[in-house]
Amino acid sequence: QGTRDHAPAQAALRERLLSSVVSCFKRHGAAAIDTPVLELREMLVGKYGEGAKLIYELQDQGGELLALRYDLTVPFARYLAMNKITKMKRYHVAKVYRRDNPATTRGRYREFYQCDFDIAGQFDPMIPDAECLKIVHEILSDLQLGDFVIKVNDRRILNGVFAVCGVPESQFIPACCTVDKLDKMPWEEVRSEMVGEKGLSPEAADRIGEYVQLHGGLDLIEQLLQDPKLSQNKEAKEGLGDMKLLFEYLTLFGITGKISFDLSLARGLDYYTGVIFEAVLLQQENEHVEEPLSVGSVAGGGRYDGLVGMFDAKGRKVPCVGVSIGIERIFSILEQRLEASGEKFRTTETQVLVATPQKNLLAARMKLISELWDAGIKAEMLYKKDPKLLKQLQYCEDTGIPLAAIVGEQELADGVVKLRDVATRKEVRM
(Lines give C-alpha, C1' and ligand atoms only; values in the text may rest on other atoms or scores of the structure.)
Protein backbone atom coordinates (compact mmCIF):
# COMPACT_ATOMS: atom_id res chain seq x y z
CA GLN A 1 0.00 0.00 0.00
CA GLY A 2 2.94 2.33 0.38
CA THR A 3 2.10 3.06 4.01
CA ARG A 4 3.80 1.61 7.04
CA ASP A 5 3.35 0.58 10.66
CA HIS A 6 5.93 1.62 13.21
CA ALA A 7 7.38 -0.58 15.94
CA PRO A 8 8.01 1.11 19.33
CA ALA A 9 11.68 1.91 18.59
CA GLN A 10 10.76 3.46 15.23
CA ALA A 11 7.91 5.45 16.76
CA ALA A 12 10.19 6.74 19.54
CA LEU A 13 12.85 7.75 17.00
CA ARG A 14 10.23 9.55 14.89
CA GLU A 15 8.86 11.35 17.96
CA ARG A 16 12.34 12.53 18.94
CA LEU A 17 12.98 13.73 15.40
CA LEU A 18 9.68 15.62 15.19
CA SER A 19 10.31 17.17 18.61
CA SER A 20 13.70 18.50 17.45
CA VAL A 21 12.16 20.07 14.32
CA VAL A 22 9.21 21.61 16.20
CA SER A 23 11.60 23.06 18.82
CA CYS A 24 13.37 24.93 16.02
CA PHE A 25 10.07 26.25 14.63
CA LYS A 26 9.02 27.47 18.09
CA ARG A 27 12.42 29.09 18.62
CA HIS A 28 11.61 31.27 15.62
CA GLY A 29 8.26 32.38 17.08
CA ALA A 30 5.88 30.26 15.01
CA ALA A 31 2.39 29.34 16.25
CA ALA A 32 0.87 25.92 15.52
CA ILE A 33 -2.20 25.55 13.33
CA ASP A 34 -4.04 22.55 11.90
CA THR A 35 -6.23 22.08 8.84
CA PRO A 36 -8.58 19.20 7.86
CA VAL A 37 -7.27 16.12 6.05
CA LEU A 38 -10.19 16.46 3.61
CA GLU A 39 -10.43 19.45 1.28
CA LEU A 40 -12.88 20.22 -1.52
CA ARG A 41 -11.38 18.83 -4.72
CA GLU A 42 -11.65 22.24 -6.41
CA MET A 43 -9.38 23.72 -3.73
CA LEU A 44 -6.48 21.45 -4.70
CA VAL A 45 -6.67 20.98 -8.48
CA GLY A 46 -4.66 23.35 -10.63
CA LYS A 47 -2.13 24.14 -7.88
CA TYR A 48 0.46 21.36 -8.27
CA GLY A 49 1.37 21.12 -11.96
CA GLU A 50 2.23 17.53 -12.91
CA GLY A 51 1.79 16.51 -9.25
CA ALA A 52 -1.99 16.91 -9.66
CA LYS A 53 -2.23 13.36 -10.98
CA LEU A 54 -1.11 12.11 -7.55
CA ILE A 55 -4.02 13.70 -5.64
CA TYR A 56 -6.32 11.17 -3.93
CA GLU A 57 -9.83 12.11 -5.06
CA LEU A 58 -12.94 10.99 -3.16
CA GLN A 59 -16.69 11.31 -3.60
CA ASP A 60 -19.03 11.29 -0.61
CA GLN A 61 -22.55 9.82 -0.55
CA GLY A 62 -24.08 13.19 -1.46
CA GLY A 63 -21.92 13.48 -4.58
CA GLU A 64 -19.62 16.17 -3.19
CA LEU A 65 -16.15 15.95 -4.75
CA LEU A 66 -13.43 15.83 -2.09
CA ALA A 67 -9.70 15.12 -1.97
CA LEU A 68 -7.10 14.17 0.63
CA ARG A 69 -4.61 16.99 1.18
CA TYR A 70 -1.55 16.68 -1.06
CA ASP A 71 0.59 19.07 1.00
CA LEU A 72 0.18 21.57 3.86
CA THR A 73 0.79 24.73 1.82
CA VAL A 74 -2.40 24.96 -0.26
CA PRO A 75 -4.66 24.28 2.80
CA PHE A 76 -2.73 27.02 4.66
CA ALA A 77 -3.36 29.50 1.84
CA ARG A 78 -7.06 28.55 1.85
CA TYR A 79 -7.13 29.03 5.65
CA LEU A 80 -5.61 32.53 5.38
CA ALA A 81 -8.11 33.57 2.70
CA MET A 82 -11.18 32.17 4.49
CA ASN A 83 -10.24 33.87 7.77
CA LYS A 84 -9.06 37.11 6.11
CA ILE A 85 -5.64 36.83 7.82
CA THR A 86 -2.92 39.02 6.30
CA LYS A 87 -0.01 38.30 8.67
CA MET A 88 1.05 35.05 10.36
CA LYS A 89 4.10 32.97 11.23
CA ARG A 90 3.01 29.35 11.62
CA TYR A 91 4.18 25.75 11.73
CA HIS A 92 2.18 22.63 10.95
CA VAL A 93 3.14 18.98 11.42
CA ALA A 94 0.66 16.54 9.88
CA LYS A 95 0.14 13.71 7.41
CA VAL A 96 -0.37 14.26 3.69
CA TYR A 97 -1.40 11.78 0.99
CA ARG A 98 -0.11 11.10 -2.52
CA ARG A 99 -1.18 8.39 -4.97
CA ASP A 100 2.45 7.75 -5.78
CA ASN A 101 4.63 4.74 -6.54
CA PRO A 102 6.19 4.07 -3.13
CA ALA A 103 9.95 3.71 -2.67
CA THR A 104 10.18 2.73 0.98
CA THR A 105 13.99 2.51 1.05
CA ARG A 106 14.12 6.19 0.08
CA GLY A 107 11.44 7.30 2.53
CA ARG A 108 8.79 7.75 -0.19
CA TYR A 109 5.26 6.75 0.86
CA ARG A 110 1.62 7.39 0.00
CA GLU A 111 0.89 8.55 3.54
CA PHE A 112 3.61 10.55 5.25
CA TYR A 113 4.34 13.46 7.58
CA GLN A 114 5.26 16.94 6.47
CA CYS A 115 6.70 19.60 8.78
CA ASP A 116 6.03 23.08 7.43
CA PHE A 117 7.12 26.54 8.54
CA ASP A 118 5.61 29.58 6.78
CA ILE A 119 5.72 33.37 7.07
CA ALA A 120 2.73 35.21 5.59
CA GLY A 121 2.52 38.99 5.27
CA GLN A 122 3.81 42.08 3.48
CA PHE A 123 7.43 42.58 4.58
CA ASP A 124 10.62 44.04 3.15
CA PRO A 125 12.21 41.82 0.48
CA MET A 126 14.19 38.70 1.35
CA ILE A 127 14.16 39.06 5.17
CA PRO A 128 11.56 36.27 5.77
CA ASP A 129 13.12 34.22 2.93
CA ALA A 130 16.53 34.39 4.64
CA GLU A 131 14.98 33.22 7.92
CA CYS A 132 13.45 30.16 6.22
CA LEU A 133 16.89 29.19 4.90
CA LYS A 134 18.39 29.75 8.34
CA ILE A 135 15.81 27.36 9.80
CA VAL A 136 16.75 24.63 7.28
CA HIS A 137 20.43 25.16 8.15
CA GLU A 138 19.70 24.95 11.91
CA ILE A 139 17.65 21.75 11.64
CA LEU A 140 20.09 19.89 9.39
CA SER A 141 23.03 20.97 11.56
CA ASP A 142 21.26 19.95 14.79
CA LEU A 143 20.36 16.51 13.43
CA GLN A 144 23.99 15.86 12.37
CA LEU A 145 23.00 14.10 9.15
CA GLY A 146 26.35 14.78 7.52
CA ASP A 147 27.34 17.27 4.85
CA PHE A 148 24.55 19.09 3.02
CA VAL A 149 23.98 21.92 0.57
CA ILE A 150 20.96 24.22 0.25
CA LYS A 151 20.32 25.07 -3.40
CA VAL A 152 18.55 28.37 -4.11
CA ASN A 153 17.08 29.85 -7.27
CA ASP A 154 14.23 32.17 -8.25
CA ARG A 155 11.29 31.41 -10.50
CA ARG A 156 11.62 34.89 -12.00
CA ILE A 157 15.20 34.13 -13.04
CA LEU A 158 14.04 30.85 -14.62
CA ASN A 159 11.20 32.60 -16.44
CA GLY A 160 13.72 35.16 -17.70
CA VAL A 161 16.00 32.34 -18.90
CA PHE A 162 13.09 30.70 -20.76
CA ALA A 163 12.06 34.04 -22.30
CA VAL A 164 15.54 34.95 -23.62
CA CYS A 165 15.96 31.38 -24.93
CA GLY A 166 12.83 31.72 -27.07
CA VAL A 167 10.36 29.63 -25.04
CA PRO A 168 6.70 30.78 -25.40
CA GLU A 169 5.20 31.95 -22.06
CA SER A 170 2.56 29.18 -22.23
CA GLN A 171 5.44 26.67 -22.07
CA PHE A 172 7.20 28.16 -19.01
CA ILE A 173 5.61 25.81 -16.43
CA PRO A 174 6.04 22.59 -18.52
CA ALA A 175 9.67 23.61 -19.18
CA CYS A 176 10.11 24.28 -15.45
CA CYS A 177 8.82 20.80 -14.55
CA THR A 178 11.32 19.25 -16.97
CA VAL A 179 14.28 21.29 -15.68
CA ASP A 180 13.32 20.15 -12.18
CA LYS A 181 14.35 16.61 -13.17
CA LEU A 182 18.01 17.60 -13.63
CA ASP A 183 18.88 16.28 -10.15
CA LYS A 184 17.58 12.82 -11.14
CA MET A 185 18.71 12.49 -14.77
CA PRO A 186 21.47 13.87 -17.03
CA TRP A 187 21.04 16.97 -19.20
CA GLU A 188 20.85 14.88 -22.40
CA GLU A 189 17.68 13.15 -21.14
CA VAL A 190 16.18 16.43 -19.90
CA ARG A 191 16.89 18.03 -23.30
CA SER A 192 15.32 15.06 -25.06
CA GLU A 193 12.12 15.44 -22.98
CA MET A 194 11.99 19.19 -23.65
CA VAL A 195 12.17 18.67 -27.39
CA GLY A 196 10.29 15.35 -27.73
CA GLU A 197 7.51 15.73 -25.16
CA LYS A 198 7.25 19.46 -24.38
CA GLY A 199 7.60 20.64 -27.99
CA LEU A 200 10.52 23.06 -27.54
CA SER A 201 12.85 23.67 -30.46
CA PRO A 202 16.31 22.02 -30.23
CA GLU A 203 17.89 25.51 -30.41
CA ALA A 204 15.83 26.77 -27.44
CA ALA A 205 16.68 23.62 -25.43
CA ASP A 206 20.42 24.10 -26.12
CA ARG A 207 20.27 27.75 -25.03
CA ILE A 208 18.45 26.74 -21.81
CA GLY A 209 21.16 24.13 -21.19
CA GLU A 210 23.86 26.84 -21.17
CA TYR A 211 22.13 28.52 -18.20
CA VAL A 212 20.62 25.72 -16.12
CA GLN A 213 23.92 23.91 -15.68
CA LEU A 214 25.42 26.92 -13.85
CA HIS A 215 25.83 27.07 -10.06
CA GLY A 216 27.84 29.22 -7.68
CA GLY A 217 27.42 32.14 -5.27
CA LEU A 218 27.52 35.93 -5.34
CA ASP A 219 30.07 35.82 -8.19
CA LEU A 220 27.57 33.98 -10.42
CA ILE A 221 24.80 36.47 -9.52
CA GLU A 222 27.10 39.36 -10.53
CA GLN A 223 28.02 37.53 -13.75
CA LEU A 224 24.36 37.06 -14.71
CA LEU A 225 23.52 40.67 -13.85
CA GLN A 226 26.04 41.58 -16.59
CA ASP A 227 24.68 38.97 -19.04
CA PRO A 228 23.69 40.89 -22.22
CA LYS A 229 20.45 38.93 -22.66
CA LEU A 230 19.30 38.29 -19.06
CA SER A 231 20.05 41.85 -17.92
CA GLN A 232 17.52 43.10 -20.51
CA ASN A 233 14.74 40.88 -19.12
CA LYS A 234 12.72 42.70 -16.41
CA GLU A 235 11.70 39.55 -14.50
CA ALA A 236 15.19 38.04 -14.46
CA LYS A 237 16.74 41.36 -13.41
CA GLU A 238 14.32 41.63 -10.44
CA GLY A 239 15.03 38.03 -9.43
CA LEU A 240 18.80 38.49 -9.61
CA GLY A 241 18.59 41.72 -7.59
CA ASP A 242 16.64 39.94 -4.84
CA MET A 243 19.03 36.97 -4.99
CA LYS A 244 21.96 39.33 -4.38
CA LEU A 245 20.12 40.83 -1.38
CA LEU A 246 19.33 37.34 -0.08
CA PHE A 247 23.01 36.37 -0.16
CA GLU A 248 23.86 39.53 1.80
CA TYR A 249 21.42 38.49 4.55
CA LEU A 250 22.64 34.88 4.51
CA THR A 251 26.18 36.21 4.97
CA LEU A 252 24.98 38.03 8.11
CA PHE A 253 23.47 34.74 9.34
CA GLY A 254 26.83 33.07 8.65
CA ILE A 255 25.48 30.24 6.51
CA THR A 256 26.60 31.02 2.94
CA GLY A 257 29.13 28.16 3.14
CA LYS A 258 26.21 25.73 2.73
CA ILE A 259 24.27 27.75 0.12
CA SER A 260 24.55 27.29 -3.66
CA PHE A 261 22.85 29.50 -6.25
CA ASP A 262 21.83 26.78 -8.70
CA LEU A 263 19.99 27.55 -11.95
CA SER A 264 18.96 23.90 -12.41
CA LEU A 265 16.68 24.13 -9.34
CA ALA A 266 13.11 24.55 -10.58
CA ARG A 267 10.73 22.81 -8.12
CA GLY A 268 7.82 21.50 -10.13
CA LEU A 269 4.92 23.03 -8.17
CA ASP A 270 2.91 25.67 -10.05
CA TYR A 271 2.37 28.04 -7.14
CA TYR A 272 5.95 29.28 -6.63
CA THR A 273 6.48 32.90 -7.70
CA GLY A 274 9.95 33.93 -6.45
CA VAL A 275 12.78 32.43 -4.43
CA ILE A 276 12.83 28.60 -4.35
CA PHE A 277 15.17 26.37 -2.38
CA GLU A 278 15.96 22.74 -1.70
CA ALA A 279 18.31 21.09 0.81
CA VAL A 280 20.26 18.06 -0.36
CA LEU A 281 22.38 15.66 1.70
CA LEU A 282 25.81 14.94 0.24
CA GLN A 283 27.78 11.74 0.49
CA GLN A 284 31.50 11.55 -0.22
CA GLU A 285 31.88 8.16 -1.89
CA ASN A 286 35.66 8.18 -1.38
CA GLU A 287 38.37 10.73 -0.75
CA HIS A 288 39.47 10.74 -4.42
CA VAL A 289 36.09 12.09 -5.59
CA GLU A 290 36.19 15.87 -5.80
CA GLU A 291 32.45 16.43 -6.32
CA PRO A 292 30.29 14.87 -3.53
CA LEU A 293 27.33 12.80 -4.66
CA SER A 294 23.78 13.86 -3.76
CA VAL A 295 21.84 11.32 -1.70
CA GLY A 296 18.47 13.04 -1.81
CA SER A 297 16.44 16.11 -1.01
CA VAL A 298 15.49 16.51 2.66
CA ALA A 299 13.81 19.96 2.65
CA GLY A 300 12.34 22.36 0.14
CA GLY A 301 10.25 25.46 -0.20
CA GLY A 302 9.95 28.91 -1.66
CA ARG A 303 7.87 32.02 -2.14
CA TYR A 304 4.24 31.74 -3.25
CA ASP A 305 2.78 35.25 -3.37
CA GLY A 306 -0.21 34.46 -5.57
CA LEU A 307 -1.67 31.39 -3.86
CA VAL A 308 -3.81 33.05 -1.14
CA GLY A 309 -5.43 35.30 -3.76
CA MET A 310 -6.73 32.20 -5.60
CA PHE A 311 -9.00 31.47 -2.62
CA ASP A 312 -10.12 35.06 -1.97
CA ALA A 313 -13.37 36.19 -3.60
CA LYS A 314 -11.82 39.60 -4.33
CA GLY A 315 -8.43 38.15 -5.29
CA ARG A 316 -6.65 39.87 -2.39
CA LYS A 317 -3.06 38.63 -2.24
CA VAL A 318 -1.03 37.80 0.86
CA PRO A 319 2.71 37.32 0.16
CA CYS A 320 4.00 34.05 1.66
CA VAL A 321 7.24 32.13 1.92
CA GLY A 322 7.72 28.74 3.56
CA VAL A 323 9.73 25.57 3.91
CA SER A 324 8.82 21.91 4.32
CA ILE A 325 11.19 19.53 6.11
CA GLY A 326 11.28 16.06 4.48
CA ILE A 327 10.82 14.22 7.73
CA GLU A 328 10.27 10.76 6.15
CA ARG A 329 13.52 10.95 4.21
CA ILE A 330 15.43 12.05 7.32
CA PHE A 331 13.71 9.36 9.39
CA SER A 332 14.73 6.65 6.90
CA ILE A 333 18.38 7.79 7.08
CA LEU A 334 18.42 7.84 10.90
CA GLU A 335 16.63 4.48 11.05
CA GLN A 336 19.23 2.86 8.76
CA ARG A 337 22.04 4.30 10.88
CA LEU A 338 20.48 2.96 14.06
CA GLU A 339 20.14 -0.53 12.56
CA ALA A 340 23.73 -0.46 11.28
CA SER A 341 25.12 0.58 14.67
CA GLY A 342 23.23 -2.19 16.53
CA GLU A 343 22.58 0.35 19.28
CA LYS A 344 19.54 -0.19 21.53
CA PHE A 345 17.03 2.63 21.25
CA ARG A 346 14.84 3.44 24.25
CA THR A 347 11.18 3.08 23.38
CA THR A 348 9.88 4.78 26.55
CA GLU A 349 10.93 7.67 28.76
CA THR A 350 10.38 5.78 32.02
CA GLN A 351 12.67 7.18 34.73
CA VAL A 352 12.12 4.66 37.51
CA LEU A 353 10.77 1.15 38.08
CA VAL A 354 9.08 0.57 41.44
CA ALA A 355 10.25 -2.85 42.67
CA THR A 356 9.80 -5.09 45.71
CA PRO A 357 12.19 -7.86 46.89
CA GLN A 358 9.69 -9.97 48.90
CA LYS A 359 6.18 -11.38 48.52
CA ASN A 360 2.93 -9.69 49.57
CA LEU A 361 4.15 -6.12 48.90
CA LEU A 362 1.95 -5.23 45.91
CA ALA A 363 0.10 -2.61 48.01
CA ALA A 364 3.40 -0.88 48.89
CA ARG A 365 4.37 -0.79 45.20
CA MET A 366 1.00 0.62 44.14
CA LYS A 367 1.07 3.34 46.82
CA LEU A 368 4.62 4.40 45.91
CA ILE A 369 4.05 4.43 42.15
CA SER A 370 0.90 6.49 42.62
CA GLU A 371 2.91 9.11 44.56
CA LEU A 372 5.52 9.19 41.78
CA TRP A 373 2.90 9.58 39.04
CA ASP A 374 1.19 12.39 40.99
CA ALA A 375 4.57 14.13 41.28
CA GLY A 376 4.98 14.02 37.47
CA ILE A 377 7.67 11.30 37.52
CA LYS A 378 7.60 8.72 34.71
CA ALA A 379 7.34 5.37 36.50
CA GLU A 380 6.46 1.73 35.84
CA MET A 381 6.03 -1.51 37.77
CA LEU A 382 5.59 -5.12 36.69
CA TYR A 383 2.02 -6.40 36.53
CA LYS A 384 2.62 -9.38 38.85
CA LYS A 385 1.67 -9.72 42.48
CA ASP A 386 4.99 -11.20 43.57
CA PRO A 387 7.69 -10.76 40.89
CA LYS A 388 11.25 -11.83 41.62
CA LEU A 389 13.64 -8.89 42.23
CA LEU A 390 16.08 -10.24 39.64
CA LYS A 391 13.32 -10.24 36.99
CA GLN A 392 12.40 -6.64 37.88
CA LEU A 393 16.02 -5.46 37.59
CA GLN A 394 16.43 -7.38 34.33
CA TYR A 395 13.39 -5.52 32.94
CA CYS A 396 15.17 -2.23 33.78
CA GLU A 397 18.28 -3.34 31.87
CA ASP A 398 16.28 -4.59 28.87
CA THR A 399 14.27 -1.37 28.51
CA GLY A 400 16.93 1.12 29.59
CA ILE A 401 15.17 2.32 32.76
CA PRO A 402 17.96 4.04 34.73
CA LEU A 403 16.61 3.74 38.30
CA ALA A 404 14.81 1.18 40.49
CA ALA A 405 12.94 2.35 43.62
CA ILE A 406 12.99 -0.71 45.90
CA VAL A 407 10.67 -0.94 48.87
CA GLY A 408 10.91 -4.09 50.99
CA GLU A 409 9.84 -5.07 54.53
CA GLN A 410 12.91 -3.41 56.11
CA GLU A 411 12.42 -0.23 54.07
CA LEU A 412 8.77 -0.06 55.13
CA ALA A 413 9.74 -0.49 58.77
CA ASP A 414 12.42 2.24 58.49
CA GLY A 415 10.23 4.61 56.42
CA VAL A 416 12.71 4.77 53.53
CA VAL A 417 13.06 3.76 49.89
CA LYS A 418 16.19 2.16 48.44
CA LEU A 419 17.11 3.87 45.13
CA ARG A 420 19.30 1.75 42.85
CA ASP A 421 21.27 2.99 39.86
CA VAL A 422 20.70 0.10 37.43
CA ALA A 423 23.89 0.65 35.40
CA THR A 424 26.37 1.05 38.32
CA ARG A 425 24.36 -1.04 40.86
CA LYS A 426 25.00 1.61 43.52
CA GLU A 427 22.21 2.04 46.08
CA VAL A 428 21.19 4.84 48.39
CA ARG A 429 18.50 4.85 51.11
CA MET A 430 16.30 7.93 51.24
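The values are calculated or read from the model by the stated rules, or taken from the named source; none is laboratory data. This one's a predicted model, so the numbers in the text were calculated from it and none came from an experiment. Don't worry about glycine lacking a Cβ; one is built from the backbone with ideal geometry, like all the others, and counts go over all protein chains shown. We work out accessible area using only protein heavy atoms, side chains counted, and drop any ligands, DNA or RNA first. Shrake-Rupley method; radii C 1.70, N 1.55, O 1.52, S 1.80 Å.
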> When the dipole is taken about the Cα centre of the stretch 374-430, and only Lys, Arg (+1) and Asp, Glu (-1) are charged at their Cβ, what size is it in debye, to the nearest 20?
Replying inline: 140 debye
> Rounded to a whole number, what % of the accessible area of the chain do carbon and sulfur atoms account for, probe 1.4 Å?
Replying inline: 51 percent
>> From the helices alone, meaning DSSP H stretches of at least four residues, give me the mean residue ellipticity at 222 nm for the chain, per-run term -39500 (n - 2.57), in deg cm²/dmol to the nearest 500.
In response: -12000 deg cm²/dmol
> Using a simple charge model, +1 on the beta-carbon of Lys and Arg, -1 on the beta-carbon of Asp and Glu, nothing else, what dipole does the stretch 148-292 show about its Cα centre, in debye to the nearest 20?
Replying inline: 460 debye
> PRE reach from Q283 (point 7 Å along Cα→Cβ): which of the stretch 294-332 fall under 20 Å by backbone N?
Replying inline: 294-300, 326-332
> For the stretch 283-404, what proportion of DSSP beta bridges, expressed in % and rounded to the nearest 5, is antiparallel?
Replying inline: 60 percent
> How high is the FRET efficiency from L382 to E197, r the C-beta distance, R0 60 Å, rounded to 0.05?
Replying inline: 0.40
> Accessible area per residue, 1.4 Å probe, Å², for the chain: what's the number?
Replying inline: 50 Å²
> What is the spin-label model distance, in nm, from R27 to D100 if the labels are put 7 Å beyond Cα along the C-beta direction?
Replying inline: 2.7 nm
> Over what distance in Å are the Cα centres of the stretch 94-149 and the stretch 301-370 separated?
Replying inline: 15 Å
> Semi-axes of the equivalent ellipsoid of the chain: what are they in whole Å, largest first, if each equals the square root of 5 times a C-alpha gyration tensor eigenvalue?
Replying inline: 52, 24, 21
> Within the chain, which is the longest segment containing none of the GluC sites (Glu not before Pro) that sit in a DSSP loop and have at most 12 other Cβ atoms within 10 Å?
Replying inline: 65-196
> Which is the longest run of the chain containing none of the chymotrypsin sites (Phe, Trp or Tyr not before Pro) found in DSSP loop states (not H, G, I, E, B) with at most 14 other C-beta atoms within 10 Å?
Replying inline: 124-382
> By how many nm would the segment from E397 to F123 grow when fully extended, if each residue of separation counts as 0.36 nm and the alpha-carbon distance is taken off?
Replying inline: 93.2 nm
> How long is the stretch 352-429 along each principal axis, judged by its Cα atoms, biggest number first, in Å?
Replying inline: 28, 26, 25
> Under 22 Å from the Cα of K244, which lysines turn up, not counting those fewer than eight places away in the same chain?
Replying inline: K134, K151, K229, K234, K258
> Modelled label-to-label distance, L338 and L225, 7 Å Cα→beta-carbon offset: nm?
Replying inline: 4.8 nm
> What FRET efficiency comes out for the pair S170/F345, r = Cβ-Cβ distance, R0 = 51 Å, nearest 0.05?
Replying inline: 0.45
>> I want the antiparallel fraction of DSSP beta bridges within the stretch 352-429, as a percent rounded to 5.
In response: 55 percent
> Among the lysines, which fall within straight-line cross-link reach of K359, defined as a Cα-Cα distance under 18 Å, with same-chain neighbours fewer than 8 residues apart omitted?
Replying inline: K367, K384, K385, K388, K391, K418
>> Give the aspartates and glutamates whose C-alpha is closer than 12 Å to that of K95, dropping any in the same chain fewer than 8 places away, or say none.
In response: D34, D71, E111, D116, E328
>> I'd like the FRET efficiency for D183 and K314, computed as 1/(1 + (r/R0)^6) with the beta carbon distance as r and R0 of 56 Å, rounded to 0.05.
In response: 0.90
